[in-house]
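Below you'll find the structure, written out as structure tokens, and then a few comments.
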Amino acid sequence: MERIVTYAEAVREATEQEMARDAAVVVFGEGAPDPKITYGTTGGLLARFGSERVFDTPLAEDGMTGAGVGMALAGLRPIHFHQRMDFLLLGMNQIVNIAAKSRYMYGGAVSIPLVIRSVIGRSWGQGAQHSQGLQSLFMHVPGLKVVAPTTPYDAKGCLTASIRDDDPVIFVEHRMLHYLKGHVPAEPYTVALGRGRVLSAGSDVTLVGISYMVVECIRAQRQLAEVGVSAEVVDPVSLSPLDMDTIVSSVSKTGRLMVVDNGWTNCGVGAEIVAQTIERLQGLRELRVRRMGFEPVPCPTTKPLENLFYPNAQKIAAAAYELVGGERRWAPPSTEAPEVVEFRGPF
């Protein structure tokens, strides 16, 4: 019988099981030993594995990221936790110039089995320097793998696969996902990086959600069904490598593609998915495409501005209805997502 657990518990369980399986796995970062700071994802790890394998770090992201690269070069499999993706900007030289390129520069003689966990997304009062979704920056860099699982099942399986991978992996977690629940097997398993999945079948429009936007796309699909529009929802799960075959297969059926990202649309994940889809299907069938993501301003702080800034199910459904060619302007009733209403931190 399958268990129902939270996304955070799935991440914690994958970490604990891999630490028990392989003594080379270590967890570190600002506040990493404290489950209150890590959304519950490190609960019990310090007590079980000790302070040499689970430890806090100073406010020195560049230096600590370099330490993580060094650990990986020395034979460990470090997991570096960042409370916000924004903080990765302080370690970009280590991530982009060292971690991503070492295998290439040394002719395959070394590997960097480093997992960098980073949190993105809204909550309450995060503001311009603490809410950014910068996953497209890392997709641009050869040598880095980028995953953004949405479901608890994929969170556990992708993290297990990432820890076992010999290349550096950016593991993206949205704040609003940590307390969502789903089916997760108790035993260890992996979800292959570079493979997406169709979460719900449809025939009129393909909705591709990135991270938490998958949840909003599922809600939008239900709203669209009430007005006779059949939407297919695709979760890429992995952003680099990116499973374009699954996406293109869906769009070849529906003829319409809408990508909803947790980032700005300019040079974003949606731009890449739309471009690759058109390259593959142009001349084979008529296509209509649309991107949705952050408004072209810094992330706001106040709740009313956050509600305007971030995509939600209502906005997605209304835009998809228009993309399909609805004869009238339509939008479903506006309701705030329960996880947004219930979010209580950490900040």
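The values are calculated or read from the model by the stated rules, or taken from the named source; none is laboratory data. Bear in mind that the values here come from a model prediction, so they are computed numbers and not experimental data. For neighbour counting, all protein chains shown are included, and Cβ atoms are generated from backbone atoms with ideal geometry for every residue, glycine included. Keep in mind that these areas ignore ligands, DNA and RNA; they rest on the heavy atoms of the full protein, side chains included. Shrake-Rupley method; radii C 1.70, N 1.55, O 1.52, S 1.80 Å.
Summarise the accessible area of the chain (1.4 Å probe, protein heavy atoms) by the percent that is carbon and sulfur.
That share works out to 54 percent.
First obtain the Kirkwood hydrodynamic radius of the range 271-344 from its Cα pairs, then insert it into the Stokes-Einstein equation at 4 °C and 1.567 mPa s, and state the resulting D in µm² per second as a whole number.
Using the Kirkwood radius from Cα pairs, D works out to 87 µm²/s.
Before rounding to the nearest 500, sum -39500 (n - 2.57) across all DSSP H runs of length at least 4 in the chain and divide by the residue total; then give [θ] at 222 nm in deg cm²/dmol.
-9500 deg cm²/dmol, from helical runs alone.
Keeping every protein chain in place, order T246, T160 by accessible area at 1.4 Å, biggest value first, i.e. largest first.
Ranked from most to least accessible, the order is T246, T160.
Show me, for the range 237-245, the HN-Hα J-couplings you get by feeding each phi into the Karplus relation (A = 6.51, B = -1.76, C = 1.60, θ = phi - 60°), rounded to Hz, glycine and proline as x.
The phi angles translate into 6, 9, 9, 8, x, 10, 7, 6, 4 Hz.
Show the residues, 5+ positions off or on another chain, whose built amide H is closer than 5 Å to the amide H of L199.
Residues meeting the amide H criterion: V233, V234, D235.
Tell me whether the range 29-145 comes out rounded, prolate or oblate; compute the Cα gyration tensor, take square roots of the eigenvalues as a ≥ b ≥ c, and use a/c under 1.5 as the rounded threshold.
Details: a/c = 2.25, a/b = 1.18, b/c = 1.91.
Oblate.
How large is Rg over Rh for the range 1-91, taking Rg from the Cα atoms and Rh as the Kirkwood inverse mean of 1/r across Cα pairs?
0.98
Please report the spacing between the Cα centers of the range 209-242 and the range 67-117 in Å, no decimals.
So the separation of the two Cα centres works out to 32 Å.
Work through the residues other than P333 whose Cβ is under 14 Å from its Cβ and net out their charges, Lys, Arg +1 and Asp, Glu -1.
+1
Kirkwood hydrodynamic radius for the range 41-98: how many Å is it when counted over pairs of different Cα atoms?
Taking the inverse mean of 1/r over all distinct Cα pairs, the range 41-98 comes out at 12.4 Å.
Would you mind checking the tilt of helix 61-73 against the longest principal axis of the Cα atoms of the chain, expressed as 0 to 90 degrees and rounded to 10?
It is inclined by approximately 70 degrees.
Along the positive direction of the dipole of the range 153-239 (beta-carbon charges: Lys, Arg +1; Asp, Glu -1; about the Cα centre), which of S238, Q221, L207 reaches farthest?
Final value for the positive-end residue is Q221.
What would the Debye formula give as log10 I(q)/I(0) at q = 0.17, 0.27 Å⁻¹ for the alpha-carbon point model of the range 137-203, no solvent?
The calculated log intensity ratios at q = 0.17, 0.27 Å⁻¹ are -0.67, -1.29.
Taking only protein heavy atoms and a 1.4 Å probe, what accessible area per residue, in Å², does the range 150-291 have with all protein chains in place? Each step should come with its number before you reach the end.
Working: 5190 Å² over 142 residues.
Each residue of the range 150-291 exposes 37 Å² on average to a 1.4 Å probe.
Residues of the range 1-123: accessible area per residue at 1.4 Å, in Å²?
40
With the chain treated as a Gaussian network of Cα nodes joined by springs under 10 Å, which of S334, S240, S131 yields the largest mean-square fluctuation?
So, out of S334, S240, S131, the one fluctuating most is S334.
Can you tell me what percent of all Cα-Cα pairs in the range 258-312 are more than 13 Å apart?
62
Rounded, prolate or oblate, given the Cα gyration tensor of the range 17-62, with a/c below 1.5 counting as rounded?
Oblate, because a/c is 1.5 or more while a/b does not exceed b/c.
What three numbers, in Å, describe the spread of the alpha carbons of the range 198-328 along their principal axes, ordered from the longest?
The principal-axis extents, from largest down, are 45, 35, 24 Å.
So for the range 117-244, Kirkwood radius off the Cα pairs, Stokes-Einstein at 20 °C and 1.002 mPa s: how many µm² s⁻¹?
Translational diffusion coefficient: 139 µm²/s.
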